[in-house]
Amino acid sequence: MKCHHCDKQATVHLTQILNGQMHKMDLCESCAQANGVTNPENLSIGTLMDSTEGETKPPAGSMVCESCGTTHQDFKKGGRLGCEACYHVFRPVLDPLLEGMHAGTQHLGKIPSGSESRVKFEQSVDDLKKQLLTAIENEDFEKAAQLRDELKALEQDAQV
């Protein structure tokens, strides 16, 4: 395959999805370097935020994570979030970016161990198991079946 800009052999292959349309570009190593493609500093999510066309951005000072203090400007500059709570605070900015890069904005994988979400999930599972045992001991089998189904659905959703 030849480079999009010159006739050299292409070694870098880019695929970008913008507004639902896929754009592919093949570049040789020198053209990729000249365009900043091989430099990870130039390919941050913050850079993508600046280059996204038609995006409605909230005022830079209006978004601040109360948990870690990360501001909208910090996120734009570094392309990194400070904590788990940032995903909720910066959702209006993240959703349009993620929609363009991924198949969706909902996490469908496993819950990372040690995260706040994992702790809450494990507490919910433990509570349901205790309620299930109590229902069985009280011979309330209808309630036990309902709790069993809830437990099964919760574990299946989290892919535990």
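The values are calculated or read from the model by the stated rules, or taken from the named source; none is laboratory data. All of these numbers come straight from a predicted model, not from anything done at the bench. Every residue, glycine among them, receives a Cβ derived from its backbone with ideal geometry; neighbour counts consider all protein chains shown.
For the criterion of being at pLDDT 75 or above and not assigned by TED's automatic domain parsing to the domain that holds H13, P59 fails. Do we find a residue being in a helix (DSSP H, G or I) and either at pLDDT 80 or above or touching a Phe, Trp or Tyr at 6+ places or on another chain (Cβ under 6 Å) (or both) anywhere in segment 63-72? Yes; the residues of segment 63-72 include at least one that is in a helix (DSSP H, G or I) and either at pLDDT 80 or above or touching a Phe, Trp or Tyr at 6+ places or on another chain (Cβ under 6 Å) (or both).
Only one of the listed residues (K120, K143, K130) is surrounded by 12 or more Cβ atoms within 10 Å (Cβ to Cβ) and not assigned by TED's automatic domain parsing to the domain that holds E84. That residue is K143.
The rows are residues; the columns are (1) at pLDDT below 80; (2) part of a loop (DSSP other than H, G, I, E, B); (3) out of contact with any strand residue (DSSP E or B) (no Cβ under 7 Å at 6 or more places or on another chain); (4) of a type outside the set (S, T, N, Q).
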residue	(1), (2), (3), (4)
L14	yes, no, no, yes
H23	yes, no, no, yes
S30	no, no, yes, no
G36	yes, yes, yes, yes
N42	yes, no, yes, no
